[in-house]
Amino acid sequence: MPLGEETSFSALFETYHRSILGYILRRTGNVEDSADLAADTFHKAWVHIHRWSYRGVPVKVWLYRIASNEVNQYFRRRNRRLRLFGEPAGSDSPVARDWIAEDLSSLEEEMRQHVQFLRVLEALKGLPVKYQEVIALRYFEGKDNKEISAILGKREGTVKSLISRGVEKLKEKIYGDQGLRRTAEADEQAQCTSA
């Protein structure tokens, strides 16, 4: 690849790395795996950049599409591994790579500050992938239905329907069997504060 193309790809990496890493981290909830998946995303983009040409789909949409595919493959591999071997010891320990430590630590700190977000993320991981994708792109990445449609290769009406059904299923997961428990916890906290 000529030097000019390397420089262009470097600029592309600098522009989109943080947002792609953030998207993957919000989908997986695992810092170490997210770093690997982001690296895989940009590696695939590097290898296949010569195939990309502007056909009404911006390069960032192409990168999000690659990232979505990487995350989906990650969950498929992970589910197969869990069925075979169970949860590996220490699989949630976040180990940051030196070359992206700054991005990872700031994103990790963001996640720690938002306990509610972590609960939602855990519930989101329990939904089918088709709902995970649209909810993550809409609410975590701030994409509109048209962009999501382009990223996932689905019709806008389908995206709108998936978002609506996905949000309902997410609410059921979060509040369904915990609704009564949450009310009891809130009552206990109120009593403790007033005492």
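The values are calculated or read from the model by the stated rules, or taken from the named source; none is laboratory data. Model, not experiment: these values are computed from the prediction. FYI the Cβ positions are ideal-geometry reconstructions off the backbone, even for glycines, and counts take in every protein chain you see. To get the accessible areas, we keep the full protein, side chains included, count just its heavy atoms, and leave off ligands, DNA and RNA. Shrake-Rupley method; radii C 1.70, N 1.55, O 1.52, S 1.80 Å.
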At 1.4 Å probe size, with no ligands or nucleic acids counted, give the accessible surface of K44 in Å², nearest ten. 80 Å²
Restricting to lysines and to Cα separations under 17 Å from K169, and discarding same-chain partners fewer than 8 apart, the set is K125, K130, K160
Quick one: if you stick a label point 7 Å off each Cα along the C-beta vector at R76 and F9, how many nm between them? 2.5 nm
